[in-house]
Amino acid sequence: MIESLKKTKMFEDLDESILKKIGKFCKLEKHKADSTVIKEDDDENYDLFVVVKGRVKIYVSSKFFADDSEQLKEIYTVNQGDFFGEMACVVKRRRSATAVTASESELIRISGSKLNKLMESDKETGYAILKKLYESLYDRIENSNFMLRNFLI
């Protein structure tokens with residue numbers, strides 16, 4: 001499990017001692033294509049997911065846009081080595097999107113509650129994890145801004 005975490009954007013440069021702590025509350029899950037991993041508005045868990053193999057599509061419901069239909073709009077693809085579910089994990093709020101596997105996938109499920117406890121009890125570890133999370137979120141926001149700019153111009 002530790003070797004898989006080392007290959008991810010979120011955990012690639014973290015000290016192995018931190019990865020060992022995180023590894024204690026991870027589990028590997030195998031999903032068939034078109035499996036819903038998390039559902040928008042869900043607040044049953046706050047787990048974080050890392051894609052070890054395969055791809056996961058992220059969708060938002062169109063009901064929050066112009067009409068009341070439940071159509072899903074694809075907004076992002078999570079590839080091998082990347083992660084999703086981080087927003088609900090860190091802020092402990094409802095899921096902001098739906099995640100569906102685009103192919104057979106292997107995902108590492110990291111317990112959100114245990115990850116938060118670790119970050120709160122070990123401030124140095126918490127800072128290192130949040131810094132990596134912030135870097136990844138910055139890249140995603142920058143990409144979204146670029147796409148929005150192209151859409152508007």
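Within the chain, the longest run free of exposed loop sites, counting GluC sites (Glu not before Pro) that sit outside DSSP helix and strand states (H, G, I, E, B) and have at most 14 other Cβ atoms within 10 Å, spans 105-153. Each of LEU152, LEU19 was scored by other Cβ atoms within 10 Å of its Cβ. Arranged with the fewest first, they read LEU152, LEU19. Taking each of LYS53/LYS114; LYS20/LYS73; LYS32/LYS123; LYS21/LYS92; LYS24/LYS73 in turn, the alpha-carbon distance tops 30 angstrom for LYS20/LYS73; LYS32/LYS123; LYS24/LYS73. For LEU28 and LEU148, the FRET efficiency from 1/(1 + (r/R0)^6), where r spans their Cβ atoms and R0 equals 35 Å, is about 0.45.
The residues neighbouring TYR138, those whose beta-carbon lies less than 13 Å from its own, together hold a net charge of 0 under the Lys/Arg +1, Asp/Glu -1 convention. A simple spin-label model places pseudo-atoms 7 Å from Cα toward Cβ; at LEU137 and GLN80 they are separated by 2.9 nm. For a straight C-alpha distance cut-off of 19 angstrom, the aspartates and glutamates reachable from LYS39 (same-chain residues fewer than eight places away being disregarded) are GLU29, ASP47, ASP68, GLU70, GLU74, ASP82, GLU86, GLU104, GLU106. When the chymotrypsin sites (Phe, Trp or Tyr not before Pro) in segment 1-105 are filtered for DSSP coil states and for at most 14 other beta-carbon atoms within 10 Å of their beta-carbon, the remaining sites are PHE65.
Remark: SER17, SER111 ranked as SER17, SER111, counting other beta-carbon atoms within 10 Å and listing the fewest first.
Any read-out appearing in this document is the output of simple, stated calculations on the displayed coordinates, not a laboratory observation. Not measured: the values here are computed from a predicted model. All Cβ positions, even for glycine, are placed from backbone atoms using ideal geometry, and neighbour counts span all protein chains on display.
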